[in-house]
């Protein structure tokens, strides 16, 4: 899996694409806005259950794709694998 900072960038982009604030995403995912901020900036590790809570709140599917497959397709979250 890619670095947590890259994961944070992907999650931030998805949140902003949906027009959500960190507070709104926090409410949807059941966590505090400060935690969302730390995840988005790559300053916090997270459990897989936290990742799935965020994915669910952002209505994203997990698609496991190899890095650099060159296809350029797939959901944004697939970029982290």
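One line per residue, one yes/no per condition, for (1) in contact (Cβ under 8 Å) with a residue 24 or more places away in the chain; (2) surrounded by 14 or more Cβ atoms within 10 Å (Cβ to Cβ):
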site	(1), (2)
3	yes, no
15	yes, yes
18	yes, yes
31	no, yes
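Sort out for me the helices (runs of 4 or more DSSP H) sitting completely within the chain that have 2 or more residues that are over 10 Å from the mean Cα position of the chain (by Cα) and at pLDDT below 90.
Of the helices (runs of 4 or more DSSP H) lying wholly inside the chain, none has at least 2 residues that are over 10 Å from the mean Cα position of the chain (by Cα) and at pLDDT below 90.
The values are calculated or read from the model by the stated rules, or taken from the named source; none is laboratory data. This is a predicted model, so every value here is computed, not measured. For neighbour counting, all protein chains shown are included, and Cβ atoms are generated from backbone atoms with ideal geometry for every residue, glycine included.
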